[in-house]
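Presented below is the structure to which this report refers.
Since every read-out is calculated from the coordinates, none of them should be taken as a lab result. Note that the structure is predicted; figures quoted are calculated from it, not measured. Reconstructed Cβ throughout: ideal geometry from the backbone, glycine too, with neighbour counts over all protein chains shown.
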Amino acid sequence: MKESNLKEFLSFHTMLTPIIIQILFWVGVAICVIAGIFLIATGKIQGLLIILLGPVVVRVYCEILIIFFRINDTLAEIKELMEDRRSPQSSPPA
């Protein structure tokens with residue numbers, strides 16, 4: 001990890017949570033598949049629905065969480081642009 005990347009990470013400019021959300025997605029998919037197989041093995045047809053629809057539900061939930069972080073990034077970019085507009089513009093050399 002380069003020094004600038006480490007500095008961004010330690011100053012909370014780089015988000016760790018989106019990576020954690022991706023890990024949670026795969027854990028959620030694994031849980032859905034395991035639970036579905038268990039239910040099918042015990043004779044319940046709902047297990048098939050959990051295997052098919054569970055990962056979709058987990059994906060939608062994770063995407064909603066990631067949207068919050070993208071909104072934050074976009075707002076930070078807007079703030080930066082607004083601050084650049086407010087700063088005094090340098091006058092061209094005469």
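For residue 67, which of the numbered conditions (1) loosely packed, with under 11 Cβ neighbours inside 10 Å; (2) over 30 Å from residue 5 (Cβ atoms); (3) among the hydrophobic types (A, V, I, L, M, F, W, C) fails to hold?
Unmet for residue 67, out of (1) loosely packed, with under 11 Cβ neighbours inside 10 Å; (2) over 30 Å from residue 5 (Cβ atoms); (3) among the hydrophobic types (A, V, I, L, M, F, W, C): (2).
Going by the structure shown, is residue 54 small (Gly, Ala, Ser), in contact (Cβ under 8 Å) with a residue 12 or more places away in the chain and more than 24 Å from residue 16 (Cβ to Cβ)?
Here the answer is yes, as residue 54 does meet what is asked.
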